[in-house]
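K.L.:
Please see the structure below; I have some questions.
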Amino acid sequence: PDKPSHQEWANLIPKYRYSNAEQADDSPRKLFALGLWLRKRQQPAEHSGPRSVAPLPLTEEEIERAARLEHDRWVASQRSQGFIHGFTDDSVHRTHPCIIPWDDPRLPDSEKAKDRDAIRAIPRYLAAAGYEIIKP
């Protein structure tokens, strides 16, 4: 909670709001890469209350693949803004220690876990927007 990137939406600075929006916008691409599709959630006509969200139909291997895609997307976004790998997260010098490939042993497991958690959260976010994930 003491990190600027871990604040409630209303308290996030624009940099982190934009980053979160980019991540959300890329969710369909990651799912499509796994052979999954999105559609408006279908509910019976008599159903008017909230519907429980089915678990994400992904295996751990698929979660890992999508997390790698998310990391690659983030690295590309950072690079497009002029950031390079560095030993510190420094917005003045535009460096970040995680601008490295997924398989690089310097990428901390905690960073990979954040990407995996983001993938696991996709069904909740989609359900809140009235969508569901399907396997065609």
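The values are calculated or read from the model by the stated rules, or taken from the named source; none is laboratory data. Only a predicted model underlies this, so the values are computations on that prediction, with no experimental measurement involved. Positions of Cβ are backbone-derived with ideal geometry, glycine not excepted, and every protein chain shown enters the neighbour counts. Ligands, DNA and RNA are stripped out before the accessible areas are found, and what is left, the full protein with its side chains, is counted by its heavy atoms. Shrake-Rupley method; radii C 1.70, N 1.55, O 1.52, S 1.80 Å.
K.L.:
For Lys40, all conditions in the list (1) loosely packed, with under 10 Cβ neighbours inside 10 Å; (2) at pLDDT below 85; (3) in contact with a strand residue (DSSP E or B) (Cβ under 8 Å, 6 or more places away or on another chain) hold save one; what is the number of the exception?
P.N.:
(2)
K.L.:
Hey, another quick one. Filter the range 48-87 down to the residues that are acidic (Asp, Glu) and either open to solvent by less than 80 Å² (accessible area, probe 1.4 Å) or modelled with pLDDT of 95 or more (or both) and list them by number.
P.N.:
Residues satisfying the conditions are Glu62, Glu64, Glu70, Asp72.
K.L.:
Sticking with this one: Within the range 85-100, how many residues are of a type outside the set (Ser, Thr, Tyr), out of contact with any helix residue (DSSP H, G or I) (no Cβ under 8 Å at 6 or more places or on another chain) and not in a strand (DSSP E or B)?
P.N.:
Selection size over the range 85-100: 7.
K.L.:
Further question: Read through the list (1) under 19 Å from Ala33 (Cα atoms); (2) in contact with an Asp or Glu (Cβ under 8 Å, 6 or more places away or on another chain), then give the number of the only condition that Ile134 fails.
P.N.:
Tallying (1) under 19 Å from Ala33 (Cα atoms); (2) in contact with an Asp or Glu (Cβ under 8 Å, 6 or more places away or on another chain), Ile134 fails exactly one: (2).
K.L.:
Separate question: May I ask you to list the residues in the range 91-108 that are within 26 Å of Ile13 (Cα to Cα) and either free of Cβ contacts under 8 Å to residues at least 12 places away in the same chain or open to solvent by less than 50 Å² (accessible area, probe 1.4 Å) (or both)?
P.N.:
Across the range 91-108, the qualifying residues are Val92, His93, Thr95, His96, Pro97, Cys98, Ile99, Ile100, Leu107, Pro108.
K.L.:
Let me ask you something else. Look at the range 104-135 and say how many of its residues are out of contact with any Lys or Arg (no Cβ under 6 Å at 6 or more places or on another chain), in a loop (DSSP other than H, G, I, E, B) and at pLDDT 90 or above.
P.N.:
Number of matching residues: 6.
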